[in-house]
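Each remark here refers to the structure printed beneath this line.
The values are calculated or read from the model by the stated rules, or taken from the named source; none is laboratory data. Here the structure is a predicted model, which means the values were calculated and not measured. Quick reminder, even Gly has a Cβ in these numbers, built from the backbone with ideal geometry, and neighbours come from all protein chains shown. Just so you know, the surface numbers come from the protein's heavy atoms only, side chains and all, with ligands and any DNA or RNA stripped out. Shrake-Rupley method; radii C 1.70, N 1.55, O 1.52, S 1.80 Å.
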Amino acid sequence: MPLPVPEGRQSDVVYLPAEGHQVVLGTAGTGKTVMAIHRAAHLADPATQNNGPTLLLTHNNALVHYLRHIAAEHADRIQIEVYGRFARGYLSSLDLMPRYGGIAEGYQRDGLIAQAIADIRKRFKPNAYFDRPAAFFSDELEWIDGQGITRLDNYLAAERIGRMAPLQPGQRRATWLIRERYIELRNSGGRPYDWSGLPLQVRKQLRVDARPRVYRHVVVDEAQDLSPEAIRSLVEAVQPGGSLTLFGDYAQQIYGQRVSWKSVGLSISTPELFTDNYRNTRQIADLALAMTEMPHFKDSPDLFAPKSPAVDGALPTLVHCDSSRAEYELARRSATNAGRYARVGVFARTRAQVKALADAIPGSTQLRKDMSRWTDDPGVYVGTYHSAKGLEFEVVILPYCGASNFPERDAIAAYGQQDAESRDARLLYVGVTRARTELLVTYSGQLTSLLPDPASGLWTVDRP
């Protein structure tokens with residue numbers, strides 16, 4: 001697929017000043033990724049005044065492969081990678097990253113946090129706070145790192161946006177002890193880092209690193225998924241006189257935490273705003289807009305109303321199946337058939353669901369960090385909602401959208417009903433807005449309340 005040519009005001013963004021800080025905000029389908037690639041290529045072009053080495057960062061490895069594919073003509077001029085790879089490479093350049101391992105992740109990180117909780121609760125009288133799921137504490141530790149908080153007094157004073165039930169000072173003190181114990185366990189096991197804590201360590205080293213900066217320009221796609229501390233580290237990673245350009249899906253805030261631009265080191269006056277949808281049909285865009293107007297998006301800092309596109313298409317199809325097995329069969333059959341003439345995205349909530357679907361669809365490709373290539377040929381891509389960010393497909397299939405799966409029960413236990421609904425509503429929004437022309441959603445039991453009602457007029461309602 002050739003790199004699309006910028007349309008309308010998109011060209012203005014490409015040629016914004018090649019110095020200082022630039023922020024471009026747009027709803028789904030406004031072409032942020034296209035603008036990001038063209039912007040990076042322009043900044044790296046020898047003919048551009050103030051050109052220089054340019055880094056294009058994005059959200060996940062699947063999107064890296066997609067960007068490298070559509071930006072192949074510029075591959076010799078821009079470096080494309082995820083933030084984690086950039087951070088790991090920088091720490092390695094200082095001999096601060098072990099050659100193997102070094103980063104606690106996945107089940108290993110979960111186990112260390114669970115051990116830290118068990119160790120700290122022994123210091124207290126019986127308290128139900130420690131009975132909360134480990135995912136609750138994991139999320140809180142990630143938030144602390146993401147804000148760049150390194151001292152207990154700062155944590156106690158911090159406004160915690162995004163948790164419906166604020167933690168009391170005593171609970172924060174207990175959480176801080178868990179954090180300290182977790183870090184002790186991690187270090188003793190030869191894992192000095194985890195992914196959420198990398199930005200803090202990168203920024204710490206950049207403050208004292210007198211070496212010349214590698215990149216004159218940094219461009220970030222899907223910037224809303226970076227923590228405030230990650231953005232601060234990128235501000236410091238740019239060469240003096242260079243530029244940092246962020247493309248994101250939020251309006252006036254960062255990371256869903258009502259963090260000001262100034263507090264993350266950015267000097268901007270007014271962000272560039274885009275609401276023209278170039279991706280979805282009017283019917284799919286109408287469904288997405290209706291989702292943003294539901295209670296789960298109330299007071300959301302990271303979405304604003306898009307303009308519906310002029311391209312017409314079929315209504316999204318909503319199918320009520322008798323069982324999850326019937327959903328699986330319908331998704332498998334529909335994806336296999338559509339994959340003969342179009343690029344199809346099939347997205348599910350869990351990795352287990354993704355693996356089962358990928359195994360059942362001949363020739364399908366899983367969206368994961370070790371995927372080796374991207375192709376324009378018709379075919380099926382299967383992944384989690386998180387892996388779908390920034391991508392687009394002619395056909396999108398979203399199985400298992402019943403109330404028993406959204407919001408997820410473990411998420412409710414960890415974050416509470418309102419937080420879980422807010423998080424999962426955004427996942428579904430990502431899934432819906434990946435579809436260019438056709439969207440199929442299935443459920444068994446009751447439809448999740450995070451999607452518009454079957455009688456809303458936004459669906460073609462069917463049964464298999």
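Taking (1) within 21 Å of Leu447 (Cα to Cα); (2) touching a helix residue (DSSP H, G or I) at 6+ places or on another chain (Cβ under 8 Å); (3) at pLDDT below 95; (4) open to solvent by 70 Å² or more (accessible area, probe 1.4 Å) in turn, Lys298 satisfies each apart from (2).
When Tyr400, Tyr443, Tyr429 are screened for being open to solvent by less than 40 Å² (accessible area, probe 1.4 Å) and in a strand (DSSP E or B), only Tyr443 passes.
Consider Val382 carefully, then state whether it is at pLDDT 95 or above, open to solvent by less than 30 Å² (accessible area, probe 1.4 Å) and within 19 Å of Arg279 (Cβ to Cβ).
no
Starting from residues that are under 30 Å from Leu185 (Cβ atoms) and among the aliphatic types (A, V, I, L, M), keep the ones in the stretch 74-106 and report whichever is most open to solvent (accessible area, probe 1.4 Å). For the stretch 74-106, the residue satisfying everything is Leu96. Within the stretch 167-221, the set of residues being closer than 27 Å to Ile37 by Cα, under 24 Å from the mean Cα position of the chain (by Cα) and not in a helix (DSSP H, G or I) comprises Tyr215, His217, Val218, Val219, Val220, Asp221. Do we have Glu81 as more than 30 Å from Arg216 (Cα to Cα) and among the charged types (D, E, K, R) here? So Glu81 fails the test. Taking each residue of the stretch 405-416 that is touching a residue at least 60 places away in the same chain (Cβ under 8 Å) and looking for partners that are in a helix (DSSP H, G or I) with beta-carbon atoms closer than 6 Å, six or more apart or interchain, yields Ala411/Ala420; Ala414/Ala135; Ala414/Phe136.
Run down Asp145, Asp153 and say which single residue is assigned to a helix (DSSP H, G or I), of a type outside the set (Phe, Trp, Tyr) and under 25 Å from the mean Cα position of the chain (by Cα). Of the residues listed, the single one that is assigned to a helix (DSSP H, G or I), of a type outside the set (Phe, Trp, Tyr) and under 25 Å from the mean Cα position of the chain (by Cα) is Asp145.
Here is a list: Leu16, Leu25. Which entry is under 30 Å from Ala290 (Cβ atoms) and of a type in the set (A, V, I, L, M, F, W, C)? From the options Leu16, Leu25, the qualifying one is Leu25. Could you please let me know if Met35 is open to solvent by less than 50 Å² (accessible area, probe 1.4 Å), among the hydrophobic types (A, V, I, L, M, F, W, C), modelled with pLDDT under 95 and within 30 Å of Arg213 (Cα to Cα)? Yes. Here Ala71 does not qualify as within 20 Å of Pro4 (Cα to Cα), more than 20 Å from the chain's Cα centre (by Cα) and surrounded by fewer than 21 Cβ atoms within 10 Å (Cβ to Cβ). In the stretch 64-94, which residues are assigned to a helix (DSSP H, G or I) and within 22 Å of Gly146 (Cα to Cα)? Across the stretch 64-94, the qualifying residues are Tyr83, Gly84, Arg85, Phe86, Ala87, Arg88, Gly89, Tyr90, Leu91, Ser92.
Residues that are among the β-branched types (Val, Ile, Thr) and within 16 Å of Ala118 (Cβ to Cβ) within the stretch 140-190 comprise Thr175, Ile178, Ile183, listed in sequence order. Of the candidates Ala87, Ala104, the single residue that is of a type outside the set (Ser, Thr, Tyr) and either under 18 Å from Arg203 (Cβ atoms) or more than 22 Å from the chain's Cα centre (by Cα) (or both) is Ala87.
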